[in-house]
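The structure under discussion appears below in the form of structure tokens.
The values are calculated or read from the model by the stated rules, or taken from the named source; none is laboratory data. Everything numeric here is computed off the predicted structure, so don't read it as measured data. FYI the Cβ positions are ideal-geometry reconstructions off the backbone, even for glycines, and counts take in every protein chain you see. SASA here: full protein model, heavy atoms, side chains in, ligands and nucleic acids out. Shrake-Rupley method; radii C 1.70, N 1.55, O 1.52, S 1.80 Å.
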Amino acid sequence: MQRRTPISCRLPVAALVGALAVMLLPGCATVESPAPAPAAAPAAAPATLKVTGSIIHRERAALPPDAEVVVRLLDASGREEVLLAESRFPAGGRQVPIPFTLQVDASKATPGMSYLLRAQILAGGATRFVTGTRITVQPHAPPAALSVLVVPGESEPSFTQGGAPARAGPPPRQVPPGQRPPGRRPPTVAP
């Protein structure tokens, strides 16, 4: 005995097959594809690079209202320092940390090369704070968080290759063992 499917079930199946055929037929039609779009030019390197950070100091003194901040990026690889970028702006009453942004021309900076970053805070037309340590930055890969510590002073310290401040002036005086340096008192012993 053969089993027969009721007519009521055949109608929905037939409708479903018909609907699928209608949906698939346009896929078989030939349609001319539009002309290919011109190939996009490779992404060019940015024309300017940004180095951002903040200036801080440890002094317990507020900056005067006329304070001005100067941040420079220098190429110190040769005999003379070459200025790559400078940002000069009034502090505007802000106290440390003071944010800064340097816009560096990408054509002046070589990828993978480090450059010297210096900062100053001026007040009353005179330099009050200067960079206290050697800070090097790669503009093509700047650090995410850069804090520049400035110390009281009127001129930038000179730095040796190792990054420690170079000593200015005559060499320290050598004192023979067992003798006191001139001007120092002998230590006192408490009774």
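Search the structure for amide H atoms under 5 Å from the amide H of G53, placed 1.01 Å from N in the peptide plane, and list their residues when 5 or more places away or on another chain.
F100
For the range 44-160, report the % of Cα-Cα distances exceeding 21 Å. Intermediate results must be reported in sequence, preceding the final value.
Numbers: 2428 of 6786 pairs.
Of all Cα-Cα pairs in the range 44-160, 36 percent lie more than 21 Å apart.
Write down the accessible area per residue of the range 44-119 in Å², having rolled a 1.4 Å probe over the full set of protein chains.
58 Å²
Under a 5 Å amide H to amide H cut-off, with H placed in plane at 1.01 Å, what residues pair with L84 once short-range neighbours are removed?
Amide H neighbours of L84, under 5 Å, 5+ apart: L73, L74, D75.
Ordered by residue, what ³J(HN,Hα) values in Hz, to whole numbers, does the range 63-71 give under the Karplus form 6.51 cos²θ - 1.76 cosθ + 1.60, where θ = phi - 60° and Gly and Pro are x?
Couplings: 6, x, x, 8, 4, 10, 10, 10, 10 Hz.
Taking θ = phi - 60°, what integer Hz values does the Karplus form 6.51 cos²θ - 1.76 cosθ + 1.60 yield along the range 94-103, in sequence order, with x for Gly and Pro?
Taking θ as phi minus 60°, the curve returns 6, 10, 5, x, 10, x, 9, 9, 9, 9 Hz for the range 94-103.
Report the calculated FRET efficiency for A126 and A47 (r = Cβ-Cβ distance, R0 = 41 Å), to the nearest 0.05. Intermediate results must be reported in sequence, preceding the final value.
Working: r = 36 Å, r/R0 = 0.87.
The calculated FRET efficiency here is 0.70.
How far apart, in nm, are two points set 7 Å out from the Cα along the Cα-to-Cβ line at T110 and at V82?
0.9 nm
Could I have the simple spin-label model distance between L74 and T101, label points 7 Å from Cα toward Cβ, reported in nm to one decimal?
2.6 nm
Amide H to amide H, which residues 5 or more places from H140 or on other chains are under 5 Å from it, using H placed in the peptide plane?
HN-HN under 5 Å from H140: G112.
Any idea how far the Cα center of the range 69-130 sits from the one of the range 136-158, in Å?
8 Å
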